[in-house]
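See below for the structure under consideration.
The values are calculated or read from the model by the stated rules, or taken from the named source; none is laboratory data. The structure presented is a predicted model; accordingly, all values stated were derived computationally and were not measured. Counting neighbours? That spans all protein chains shown, and the Cβs are built from the backbone with ideal geometry, glycine included. The protein model used for the area step is the full one, side chains on, heavy atoms only, and it has no ligands, DNA or RNA in it. Shrake-Rupley method; radii C 1.70, N 1.55, O 1.52, S 1.80 Å.
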Amino acid sequence: MKRIGIFVFYDKDGIVDDYIPYLLDDLAKNFQELLIVCNGKITEEGKNKLYQYTPNILIRENAGFDIGGYKEGIEFLGWPRLAEFDELVLLNDTIMGPVYPFFEMFTTMEEKEVDFWGITRHYRVNENPYNCECGYLPEHIQSYFMAFRKSMFQ
């Protein structure tokens, strides 16, 4: 499966901590292409760490949190470019690891006939911390790691 990733990074001081290269070392092996979106500033040392994984680094204003970064990354790449891939993975720097190689997860999920998937399901919460119209926090796939098949994003 031909896969592209958009990884959104944020640090208030623009520092790329050591867990990021540890994550990207394994993760990048599973992508044919990777775009790193930096929300806000990044140090020169941090840029150099990230350039080890891709020449595609987009630095933008820290607006719209991770979802804003995903959106701007998608717009930066463009729909014609994304159409060249079978799967689009959106993830951010709140994920740590891996504990096991990502290859195992991607290989398992390649066999599933799904339009999208993620690695963490957040169960319904009867409280309403975000003032949702439905009166509770619905069950959802958490936004720090979501994968979309071409059948969905095209």
For the structure I just gave you, tell me whether residue 69 is open to solvent by less than 30 Å² (accessible area, probe 1.4 Å), in contact with a helix residue (DSSP H, G or I) (Cβ under 8 Å, 6 or more places away or on another chain) and of a type in the set (Gly, Ala, Ser).
no
Index of the failed condition, residue 110 passing every other in (1) in contact (Cβ under 8 Å) with a residue 12 or more places away in the chain; (2) under 28 Å from residue 46 (Cα atoms):
(2)
Scan segment 127-137 and give yes if some residue there is modelled with pLDDT under 95 and either in contact with a His (Cβ under 8 Å, 6 or more places away or on another chain) or closer than 23 Å to residue 19 by Cα (or both), otherwise no.
yes
Kindly evaluate residue 37 against the criterion of being open to solvent by less than 20 Å² (accessible area, probe 1.4 Å), closer than 18 Å to residue 66 by Cβ and in a loop (DSSP other than H, G, I, E, B).
no
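Yes/no per residue for (1) assigned to a helix (DSSP H, G or I); (2) without any contact (Cβ under 8 Å) to a residue 12 or more places away in the chain; (3) open to solvent by 40 Å² or more (accessible area, probe 1.4 Å):
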{"site": "14", "(1), (2), (3)": "no, no, no"}
{"site": "21", "(1), (2), (3)": "yes, no, no"}
{"site": "24", "(1), (2), (3)": "yes, no, no"}
{"site": "28", "(1), (2), (3)": "yes, no, no"}
{"site": "41", "(1), (2), (3)": "no, no, yes"}
{"site": "45", "(1), (2), (3)": "yes, no, yes"}
Could you give me the residue pairs with C-beta distances under 7 Å whose first residue belongs to segment 49-75 and is farther than 9 Å from residue 39 by Cα, whose second residue is modelled with pLDDT of 95 or more and aromatic (Phe, Trp, Tyr) wherever it lies, and which are 6+ apart or on separate chains?
57/51
The listed residue being open to solvent by 30 Å² or more (accessible area, probe 1.4 Å), touching a strand residue (DSSP E or B) at 6+ places or on another chain (Cβ under 7 Å) and among the β-branched types (Val, Ile, Thr), out of 6, 59:
59
